[in-house]
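Laboratory data are not the source of any read-out in this text; all were calculated from the coordinates shown. Note that the structure is a prediction, hence the values are computed from the model and not measured. With ideal geometry, Cβ positions are generated from the backbone for all residues, glycine too; neighbour counts draw on all protein chains shown.
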Amino acid sequence: MNPLPATAPVRVRRAERSDLDDLVALEEASFDSDRLSRTQYRRHLDSDSARVLVASANHRRFLGTAVVFFRQGSAVARLYSIATRPDARGMGVGSALLAAAEDAARQRGCRRLRLEVRVDNETATRLYERLGYRRFARVAGYYEDGADGWRYEKALD
Ligand SMILES: CC(C)(COP(=O)(O)OP(=O)(O)OC[C@H]1O[C@@H](n2cnc3c(N)ncnc32)[C@H](O)[C@@H]1OP(=O)(O)O)[C@@H](O)C(=O)NCCC(=O)NCCS
């Protein structure tokens with residue numbers, strides 16, 4: 001795989017059925033537990049209460065993904081998952097996905113975006129804090145393997 005030039009603009013689009021193989025492969029490469037299955041991804045692609053986003057740049061059409069959930073009548077959207085392909089990390093893909101997730105939430109009329117992250121995931125917590133997320137709770141045993149999670153929130157203007 002060619003490396004991503006540092007200057008390549010990252011684009012974010014809505015995921016399609018043809019992204020399913022990449023979505024599942026990235027999920028497996030990125031998470032040891034609490035993974036979304038192919039069936040779950042397929043359902044989210046068709047669901048009104050979810051938005052699956054995919055980042056691309058130049059000729060590389062799949063660099064990362066983010067999944068946002070919405071609840072009817074709720075002003076709070078939830079970032080359920082975000083991941084960048086290991087060979088494309090540190091180049092702004094995660095930041096672009098997060099910005100697009102916020103836009104998607106705003107378009108749905110949501111006022112806040114919330115997320116959970118493992119307390120030992122320093123890369124992700126740094127990213128969230130840099131982009132204006134505020135840590136407001138620690139959730140004991142949040143993950144399938146018993147790990148605690150931080151809960152973060154950002155107000156969407
Ligand atoms: C967390 C994760 C999604 C971040 O994705 P990413 O694409 O590497 O994110 P970014 O490149 O936008 O930001 C990461 C770092 O690269 C740096 N960076 C951002 N834009 C950059 C650019 N254009 N050029 C070089 N470096 C850049 C940022 O400064 C950032 O460092 P910092 O957070 O210390 O400030 C990625 O590490 C990942 O997939 N991890 C595994 C899955 C995971 O843990 N997901 C979160 C679950 S809650």
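General remarks:
- Gyration tensor verdict on the chain (Cα atoms; rounded if a/c is under 1.5, prolate if a/b is larger than b/c, oblate otherwise): rounded
- Ranking of Ser33, Ser95 by count of other Cβ atoms within 10 Å, fewest first: Ser33, Ser95
- Between Arg17 and Val76, the modelled labels are 3.6 nm apart [label points 7 Å from Cα along Cα→Cβ].
- Working note: 222 nm ellipticity from helices only, DSSP H runs with n ≥ 4, each -39,500 (n - 2.57), summed and divided by the residues of the chain, gives -8500 deg cm²/dmol to the nearest 500.
- Residues Leu53, Leu79, Leu20, ranked from the fewest to the most other C-beta atoms within 10 Å, line up as Leu20, Leu53, Leu79.
- Gain in span if fully extended, Val139 to Arg61, counting 0.36 nm per residue against the direct Cα distance: 24.5 nm
- Across the chain, the mean sequence separation of Cα contacts (distance under 8 Å, 6 or more residues apart), normalised by length, yields a relative contact order of 19 percent.
- Order of Tyr152, Tyr143 - criterion: other Cβ atoms within 10 Å of each residue's Cβ, fewest first: Tyr143, Tyr152
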